[in-house]
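What follows is a single structure, written as structure tokens, with notes after it.
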Ligand SMILES: [Fe+2]
Ligand SMILES: [Fe+2]
């Protein structure tokens, strides 16, 4: 079994991650770099571990989480599909069993809300982890006026903290978000995150859990 540390330090992975960062920065989008990759990797693994899934599945989820956005080095459009194929090629080259690499490929190809669906434990954990990462540090470009910034930047700038919590006994996966409502309203958040939250709900259901969303201490879902 290939470990995450081997994937993370692979030269090809490093070059592709650097190119993804370059493209996302040039497009002026929120951060999708190694910070995001690292967080999504950890949270994907944490979700499956908390649900008592086998250690191997947890490790595959960590690798899927780390590589899920590598398609951004090609083009932001369809990055889930291009990234899935890229990841499969890299992982089999590193010696991963084709069945395991294919599992990761399928999860990555389903992480984006446009075409994605929770079709496996891995893809469900990846969807939840990816959509949970909202944080002000993800806004990279200088913002002159936070109040007139675009809604994506505003929502991220307002996000002080976000994390997932898994209650295995109660079968509930909760996304907790703390936002500064001086910068963005809860409505703003919903405006851009509605599709993502619907996908999170389906992902939690695939894992036989209910999805709950708590913003600033209030349960909204
Ligand atoms: Fe993505
Ligand atoms: Fe992502």
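The values are calculated or read from the model by the stated rules, or taken from the named source; none is laboratory data. Computed from a predicted model, the values in this text were never measured in an experiment. Positions of Cβ are generated from backbone atoms using ideal geometry, with glycine treated the same way; all protein chains shown enter the neighbour counts.
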All helices (runs of 4 or more DSSP H) inside segment 116-221 with 1 or more residues being away from ligand 2 (no atom under 16 Å from the Cβ) and closer than 18 Å to residue 53 by Cβ:
121-132, 186-206
State yes or no: is residue 108 within 12 Å of ligand 1 (Cβ to nearest atom), at pLDDT 95 or above and either surrounded by fewer than 16 Cβ atoms within 10 Å (Cβ to Cβ) or under 28 Å from residue 28 (Cα atoms) (or both)?
yes
More than 14 Å from ligand 1 (Cβ to nearest atom), at pLDDT below 95 and more than 23 Å from residue 57 (Cα to Cα) - does that describe any residue in segment 115-136?
yes
Based on what the data block shows, is residue 167 crowded, with 21+ Cβ neighbours inside 10 Å, more than 30 Å from residue 12 (Cα to Cα) and out of contact with any helix residue (DSSP H, G or I) (no Cβ under 6 Å at 6 or more places or on another chain)?
no
Tell me whether segment 50-59 contains one or more residues that are away from ligand 1 (no atom under 13 Å from the Cβ), more than 18 Å from residue 116 (Cβ to Cβ) and in contact with a strand residue (DSSP E or B) (Cβ under 9 Å, 6 or more places away or on another chain).
yes
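Could you grab me the full set of residues in segment 75-96 that are touching a residue at least 60 places away in the same chain (Cβ under 8 Å) and more than 16 Å from residue 32 (Cβ to Cβ)?
Hits for segment 75-96 are 90, 91, 93, 94, 95, 96.
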Quick test for you: out of 59, 81, pick the one residue that is in contact with a helix residue (DSSP H, G or I) (Cβ under 9 Å, 6 or more places away or on another chain), under 30 Å from residue 154 (Cβ atoms) and modelled with pLDDT of 95 or more.
81
Name the helices (runs of 4 or more DSSP H) wholly within segment 1-61 that hold at least 2 residues that are over 18 Å from residue 97 (Cα atoms) and within 16 Å of ligand 2 (Cβ to nearest atom)?
11-27, 34-50
Looking only at segment 70-98, which residues are away from ligand 1 (no atom under 14 Å from the Cβ) and in a helix (DSSP H, G or I)?
85, 88, 89, 90, 91, 92, 93, 98
Among the candidates 47, 6, 40, 13, single out the residue that is buried (at least 21 other Cβ atoms within 10 Å of the Cβ) and more than 25 Å from residue 166 (Cβ to Cβ).
13
Given (1) assigned to a loop (DSSP other than H, G, I, E, B); (2) more than 16 Å from ligand 2 (Cβ to nearest atom), index of the condition residue 101 fails:
(1)
